Amino acid sequence: MSRFSRQTILPDFGEEGQEKLSRARVLVVGAGGLGCPVLLHLAAAGVGTIGIVDGDTISESNLNRQTLFGHQHTGKPKASTAAAILKEKYPDLNFEVFSDFLNTNNALEIISSFDVIVDGTDNFGTRYLVNDACVLLNKPLVMGAIYKYEGQLMIFNYGPLALNYRDIYPDPPGENQIPNCGETGVLGVLPGIIGTLQASEVIKILSGVGKVLTEKILFFNLKNSSFYEVGIRLNSKGRENLPKSEKDFSDRNYNINCGIAESLSWEKALDWRLNMNNSVLVDIREAGEKPFFEKEYLSRIPMGDIRENPKPLSGYENILLFCASGQRSSELAKELKQQFPEKKIFSVEGGILDPASPLNSNEYDT
């Protein structure tokens, strides 16, 4: 028996449904807690070509929910590592790897060649960016989201009304309305459940079997094992806020930061650097700036060098920046969040002139 025999004997699905999957091209944005179960189930079902977009690397703290990966994969790029693991399991499938984060410069080109898009990211900026790109390109979008013990599933740009994310949330949230993304936890089983549901909706869209979850949001509460649905409808303000053209899209700023988590105290920054894996604490002052001090747990990369080439920071999950007063590090943290939206990027409050900074210790030469 073929590995798809249990699918092809299903009423209404059959060989025709399997053939549709084998010809399909699906793009999964984010190979994280949601993306891992999506990728695994789409590959197991026989989707012919799967694209994987993720500019991040695997860290120890990812492993409770990013179930494609193990300890031996820490430090490796998520997109190419996920593709290699799946290719070994299913050598007859095609995988296209994009080891970058989506942005206004690459999103339209990447998304345009796929039939269905799956959003498995965990930040608002990318969520709006992917939604707007899918509307412009007329691509079905399967979106999942999680927060603490609750998950959500939504299907956009599909069906008679072709609703989109802005029909629910016309405007992005303000910085102070966003939960502290550095401190919000999750049980790994929750994105596993929501990601599996995302994969099932993709299969229904591709095969034409079953009723696709349109015009509603499906909620799942892990604590009480409950599912419920909330209907959504067209929102005229949301439609007005959509980009009108590809140029309008490319000119927009989709960077949305967590206002609460944008800065850290020196006490917390030092604790993170010394006790959390894959963290870096960077002095971004320019060469020659005084007072000068050094310590083995501090890195020094001038702000101008980082702006010219941020790649040296791409291997870290937690990026902590400081300058003289905290002003430049706050500015750079926002810029880097556009480059690395999946990472935790902070400015250290007050910089080295703050009374709490390690500069005030006598062990430093000023």
Carbon plus sulfur, as percent of the 1.4 Å-probe accessible area of the chain, comes to 49 percent
P(r) of segment 265-344 in 10 Å steps, Cα pairs, percent per bin? 17, 57, 25, 0
Non-local amide H neighbours of Arg300 (under 5 Å, H modeled in plane, Pro and chain starts lacking H): which ones? Asp283
Taking a 24 Å limit on the Cα-Cα distance, which of the listed pairs Lys87/Lys343; Lys268/Lys337; Lys148/Lys211; Lys20/Lys89 fall beyond it? Lys87/Lys343; Lys148/Lys211
Full-extension gain between Ser5 and Asn224, please, as 0.36 nm times their residue separation minus the C-alpha to C-alpha distance. 75.3 nm
Dipole of segment 105-154, Cα-centred, from +1 at each Lys and Arg C-beta and -1 at each Asp and Glu C-beta, to the nearest 20 debye? 80 debye
Relative to the longest principal axis of the C-alpha atoms of the chain, give the angle of the C-alpha long axis of helix 35-45, reported between 0 and 90° and rounded to the nearest 10°. 30 degrees
Whose amide H sits under 5 Å from the amide H of Leu321, counting only residues 5 or more places off or on another chain, with H placed in the peptide plane? Val282, Phe346, Ser347, Val348
Connecting C-alpha atoms closer than 10 Å in a GNM of the chain, tell me which of Asp248, Asp54, Asp354 has the biggest fluctuation. Asp248
Have a look at Pro341, Ser2, Gly35 and report the one farthest towards the positive end of the charge dipole of the chain, computed about the Cα centre with Cβ charges (Lys/Arg +1, Asp/Glu -1). Ser2
Which of the chymotrypsin sites (Phe, Trp or Tyr not before Pro) found in segment 100-168 are loop residues per DSSP with 14 or fewer other Cβ atoms within 10 Å of their Cβ? Tyr149
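Taking the Cβ-Cβ separation of Ser22 and Glu294 as r and a Förster radius of 56 Å, what is the calculated FRET efficiency to the nearest 0.05? Present the calculation step by step, with values, prior to reporting the outcome.
Numbers: r = 58 Å, r/R0 = 1.03.
Given R0 = 56 Å and the Cβ-Cβ separation, E is 0.45.
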Below 19 Å, Cα to Cα, which lysines can Lys237 reach? Residues fewer than 8 away in the same chain don't count. Lys216
How tilted is helix 266-275 with respect to the longest principal axis of the chain? Cα atoms for both, answer in degrees (0 to 90, nearest 10). 60 degrees
Quick one: Karplus J couplings for segment 133-148, per residue in order, coefficients 6.51, -1.76, 1.60, θ = phi - 60°, nearest Hz, x for Gly and Pro? 5, 5, 5, 4, 9, 6, 10, x, 10, 10, 10, x, 8, 9, 8, 6
Please sort 229-240, 340-351, 26-37 by packing, taking for each peptide the average over its residues of neighbouring beta carbons within 10 angstrom, highest first. 26-37, 340-351, 229-240
May I ask for the distance between the Cα centers of segment 302-355 and segment 76-128, given as a whole number of Å? 26 Å
Under 20 Å from a label point 7 Å along Cα→Cβ of Glu308: give me every residue in segment 333-350 with its amide N that close. 333, 335-336, 339
Calc'd 3J(HN,Hα), segment 214-228, phi into Karplus 6.51 cos²θ - 1.76 cosθ + 1.60 (θ = phi - 60°), Hz, glycine/Pro = x, comes to 10, 6, 7, 10, 9, 10, 10, 10, 5, 5, 10, 6, 10, 10, 8
Reachable aspartates and glutamates from Lys78, Cα under 14 Å, same-chain residues fewer than 8 places away excluded? Asp54, Asp56, Glu60, Glu96, Asp100, Glu317, Glu342
Debye log10 I(q)/I(0) at q = 0.10, 0.13 Å⁻¹ for the chain, Cα point scatterers: -0.66, -1.04
Computed for the chain: size of charge dipole around the Cα centre, +1 on C-beta of each Lys and Arg, -1 on C-beta of each Asp and Glu, debye to nearest 20, value 940 debye
Select from Gln152, Gln338, Gln327 the residue whose mean-square fluctuation is largest in a Gaussian network model of the chain (Cα-Cα springs shorter than 10 Å). Gln327
Using amide H atoms built in the peptide plane, which far-off residues or other-chain residues are under 5 Å from Gly51 H to H? Val26, Leu27, Val28, Glu96
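Using only alpha-carbon positions, what ratio does the radius of gyration of segment 105-256 give when scaled by 2.2 N^0.38 Å?
On the way: Rg = 15.3 Å, N = 152, 2.2 N^0.38 = 14.8 Å.
Its radius of gyration relative to the 2.2 N^0.38 Å reference: 1.03.
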Binning every alpha carbon pair distance of segment 211-327 at 10 Å from zero, what are the percents per bin? 9, 25, 22, 19, 19, 5, 0
Could you pull the Cα extents of segment 1-87 along its three principal axes, largest to smallest, in whole Å? 43, 21, 19
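With N set to the number of residues, divide the alpha-carbon radius of gyration of segment 79-158 by 2.2 N^0.38 Å and report two decimals.
Here the Cα radius of gyration is 1.19 times the empirical estimate.
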With only helices counted (DSSP H, runs n ≥ 4, each -39500 (n - 2.57)), the per-residue ellipticity at 222 nm for the chain, to the nearest 500, works out to -9000 deg cm²/dmol
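The values are calculated or read from the model by the stated rules, or taken from the named source; none is laboratory data. Everything quoted here is computed from the prediction, not taken from an experiment. We place every Cβ from the backbone using ideal geometry, glycine too, and count neighbours over all the protein chains shown. Heads up: the accessible areas ignore ligands, DNA and RNA and are worked out on the full protein's heavy atoms, side chains in. Shrake-Rupley method; radii C 1.70, N 1.55, O 1.52, S 1.80 Å.
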